[in-house]
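The values are calculated or read from the model by the stated rules, or taken from the named source; none is laboratory data. The structure presented is a predicted model; accordingly, all values stated were derived computationally and were not measured. Using ideal geometry, Cβ is built from the backbone for each residue, glycine included, and neighbour counts are taken over all protein chains shown. What goes into the accessible areas is simple: the full protein's heavy atoms, side chains included, and nothing from ligands, DNA or RNA. Shrake-Rupley method; radii C 1.70, N 1.55, O 1.52, S 1.80 Å.
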Amino acid sequence: MNFEALLEQSVQIHGHLCPGQVLGVKMSMLGLKEAGIEDPKGKDRKKIIVFVEMDRCATDAVQSITGCSLGHRTMKFMDYGKMAATFLNLETNRAVRVVAREDSREKAKALFPDIEDKYKAQLEAYKIMADEELFDIMEVSLQLKPEDRPGRPMTRVKCDMCGEYVQDMREIERDGKTLCRPCAGEGYYKVVHNS
Ligand SMILES: [Zn+2]
Ligand SMILES: [Zn+2]
């Protein structure tokens, strides 16, 4: 599919057209091509894992173009706050990281000096800018752990403290006890009332 068709698809899923959709669609097309993935939603769908480094508009575009998602364990969210994603081909183990170039923002402004709204200028500019202007690209190596792969859960154990179950080796062993991460002090919440 061409860029326009993919962008339209992505906008439908995301809910609006924004610079992030344009960037995310182009980032995905480039990453897939460089990783050697032709048909991410068809014949190649079991070959691909994407690591996204941002939870922003562009992340939705990456999801709609690659078909990768958290629920399928094919999208990994790395909370780095960077406009970047790595595309891993599981068959060849080739991994390509694509990073949005910082100077593309300035170039966008220069391309459309008459558009006052900088997001509108970015939106229009990103559509016509070349991949080399928009992104840096690097070959990377990474190891996908067996417990992070798609497929059935590898393990399932009970937390000795709260009694909740933990899958895929996310438990922590401490002083002879098996703990979930919250009980080991790594929780994002505190229980206020347990009914
Ligand atoms: Zn958006
Ligand atoms: Zn627990």
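A few comments on the model shown:
- The set of residues in segment 126-138 being surrounded by fewer than 12 Cβ atoms within 10 Å (Cβ to Cβ) and in contact with a helix residue (DSSP H, G or I) (Cβ under 8 Å, 6 or more places away or on another chain) consists of Ile128 alone.
- Selection status of Leu123, open to solvent by less than 70 Å² (accessible area, probe 1.4 Å) and either away from ligand 2 (no atom under 16 Å from the Cβ) or closer than 18 Å to Pro19 by Cβ (or both): yes
- Per-region count, segment 31-57, residues assigned to a strand (DSSP E or B) and at pLDDT below 95: 0
- Qualifying residue in segment 16-30 (condition: in contact with a Pro (Cβ under 9 Å, 6 or more places away or on another chain) and either part of a helix (DSSP H, G or I) or at pLDDT 95 or above (or both)): yes
- Selection count where residues are of a type in the set (Ser, Thr, Tyr), open to solvent by 60 Å² or more (accessible area, probe 1.4 Å) and near ligand 2 (Cβ under 10 Å from one of its atoms), scope segment 158-191: 1
Condition check ((1) more than 19 Å from Glu132 (Cβ to Cβ); (2) out of contact with any Lys or Arg (no Cβ under 6 Å at 6 or more places or on another chain); (3) crowded, with 21+ Cβ neighbours inside 10 Å) across all residues:
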| site | (1), (2), (3) |
| --- | --- |
| Lys33 | no, yes, no |
| Glu38 | yes, yes, no |
| Gly42 | yes, yes, no |
| Arg56 | yes, yes, no |
| Gly67 | yes, no, no |
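- Residue match in segment 142-157 (condition: within 16 Å of ligand 2 (Cβ to nearest atom), over 26 Å from Arg45 (Cα atoms) and of a type outside the set (D, E, K, R)): yes
- Contact map, segment 173-195: first residue under 16 Å from Thr155 (Cβ atoms), second residue open to solvent by 100 Å² or more (accessible area, probe 1.4 Å), Cβ cut-off under 7 Å, separation 6 or more or different chains; pairs are Leu179/Met161; Cys180/Glu164.
- Test: residue in segment 40-51 that is touching a residue at least 60 places away in the same chain (Cβ under 8 Å) and either in contact with a Leu (Cβ under 6 Å, 6 or more places away or on another chain) or over 18 Å from Lys145 (Cα atoms) (or both): yes
- Search result, residues across segment 65-93 that are under 16 Å from Lys33 (Cα atoms) and of a type in the set (S, T, N, Q): Thr66, Thr86, Asn89, Thr92, Asn93
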